[in-house]
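In what follows, a structure is listed as structure tokens, so that the remarks can point back to it.
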Amino acid sequence: MIKNICCIGAGYVGGPTMAVIALKNPNIKVSVVDINAERIAAWNTNELPVYEPGLLEVVKQARGRNLFFSTEIEGSIREADMIFISVNTPTKTFGVGKGRAADLRFVELCARQIASVATTNKIVVEKSTLPVRTAQAIKTILSETGNHAKFQVLSNPEFLAEGTAVDDLMNPDRVLIGGDQTPEGLKAIEELTAVYASWVPRERIIQTRLWSSELTKLTANAFLAQRISSINSISALCEVTGADVDEVAFAIGADTRIGAKFLKSSVGFGGSCFQKDILNLVYLCEFFGLPDVAKYWEQVILLNDYQKRRFAMNIIQTLFNTVSGKKIAMLGWAFKKDTNDTRESAAIYVSDHLLNDMANIWVYDPKVPEKSIYADIDYLETRSSEKNKELLTVTHDPYEACKNAHAIAVVTEWDEFRSYDWQKIYDNMMKPAFIFDGRNLLDHKKLMEIGFKVKAIGKSY
Ligand code: UDX
Ligand code: UDX
């Protein structure tokens, strides 16, 4: 029976996952540790570093009871019988596999740290999304501890989506646990199964071998992203033929073999996982000498880049082929609604294209702080950070963002955008007043009645 869990990495995945495990297992002590002291401090307040609907309530119930956030990494590892590794695994920006392979140095560091401080047997759980066979590397490092501690490595990928993390954790479609098919491995799988079985029905807990579990995570994300790229490819065709992409999506989704979910055409998918995981899959295929398979999956990414570029180019062309010196209001910056996460958000790339044409962008997002917005755009290194500050302004007032603007670009599907006073916004804009709805979120008919010129994804108004 597991009594003490440690999770290394208090991010979007580690934080919410451990909060729910602690809530549902009051007899297990759960310590979440992180090298980032500021982040840990925030987890101990009511201003959590991660915005997720319902998360604060869960944290408040368990925090101080059996859920603890600290920077005491070594002490927590030593005490724990089960250690989750939930650190970030960004795409490598240098060297072998640059731009594709996952940078596993944080995972490796965790394994080394566990190896150096552990004195008793432990189960190590990969929570971060990792390329297939990473567990082998972790095992190799752990086997070199010098003391007599024994380790079992499990893969337990996270399928929660940001913005719905608490619901996804409370009521998952499935929990996946992969491990070695040895007596010790199977025992470790059972131990972790028992933790989830506190609230997840047994039949939803899938047990597999280690490599299947690792590969399932990459495959699930690749399939999901592929649906979006597929419908987005059709959106371009809709715009030139007069078909309506929402009608097409609805009608194909009614076929139960296709299904209705994840068919919402958009300015392009973002988030920390899809692009990274597919690139990872592409890299794996190339590594194993399967270039045709690599190309097949790479196309999902290329189509997504195309969709973001197409949206930006449509804005420039519609505004009479130049946005230079024109004020463009950007509503939304997060990669989707109900999160303050901006990793790989379409907004960043759309803005970059517009800034290249010297647009004057005013950004409003209900949850993303100003410093993240500048950090995101500076990170691209397309222009100096002074230039970005000069061309891009962040505001807390959507009406101010839209005032005297030539166009509005809706890039995140925040619910609040629907309830704005669109007549008032229209009255204060430059004419003709354009709206580019990258999420098909707003009531286009009503906007056109007001006088807006509406451009939307997969529509040909
Ligand atoms: C997760 C997964 O780990 C990633 O593999 C998956 O594909 C996406 O979700 P996420 O929780 O979103 O990542 O990442 P992030 O919010 O960046 O959190 C990672 C945390 O780990 C950070 O707070 C960071 O400070 C911490 N960390 C990183 C450590 O504590 N130690 C390290 O050595 C590196
Ligand atoms: C995803 C997976 O859904 C989750 O299972 C995995 O564990 C992590 O990666 P996440 O990145 O948090 O989760 O968000 P998700 O809801 O999948 O959205 C990803 C992107 O796709 C967002 O930018 C979203 O706006 C976009 N999207 C989603 C669409 O454009 N159309 C859709 O129909 C659905």
Condition first: assigned to a strand (DSSP E or B) and near ligand 1 (Cβ under 9 Å from one of its atoms). Now tell me which residues in the range 1-33 satisfy that. Ile8, Val33
Can you find even one residue in the range 45-65 that is assigned to a loop (DSSP other than H, G, I, E, B), more than 12 Å from ligand 1 (Cβ to nearest atom) and touching a strand residue (DSSP E or B) at 6+ places or on another chain (Cβ under 7 Å)? no
Does the range 390-410 contain any residue that is aromatic (Phe, Trp, Tyr) and surrounded by 15 or more Cβ atoms within 10 Å (Cβ to Cβ)? no
Looking at (1) surrounded by fewer than 21 Cβ atoms within 10 Å (Cβ to Cβ); (2) over 19 Å from the mean Cα position of the chain (by Cα); (3) without any contact (Cβ under 8 Å) to a residue 40 or more places away in the chain, which is the one condition that is false for Glu416? (3)
Enumerated strands (runs of 3 or more DSSP E) restricted to the range 129-243, each holding at least 3 residues that are more than 16 Å from ligand 1 (Cβ to nearest atom) and out of contact with any helix residue (DSSP H, G or I) (no Cβ under 7 Å at 6 or more places or on another chain): 205-209
Output the residue which, of all residues in the range 64-92 that are out of contact with any Cys (no Cβ under 8 Å at 6 or more places or on another chain) and crowded, with 20+ Cβ neighbours inside 10 Å, is farthest from Leu109 (Cα to Cα). Leu67
Scanning the range 303-339 residue by residue, those within 12 Å of ligand 2 (Cβ to nearest atom) and either hydroxyl-bearing (Ser, Thr, Tyr) or modelled with pLDDT under 95 (or both) turn out to be Asp338, Thr339
Do you know which of the residues in the range 76-107 that are free of Cβ contacts under 8 Å to residues at least 60 places away in the same chain and touching a Lys or Arg at 6+ places or on another chain (Cβ under 8 Å) is farthest from ligand 2 (Cβ to nearest atom)? Lys98
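The values are calculated or read from the model by the stated rules, or taken from the named source; none is laboratory data. Only a predicted model underlies this, so the values are computations on that prediction, with no experimental measurement involved. Note that we place each Cβ from the backbone using ideal geometry, even for glycine, and neighbour counts take in every protein chain shown.
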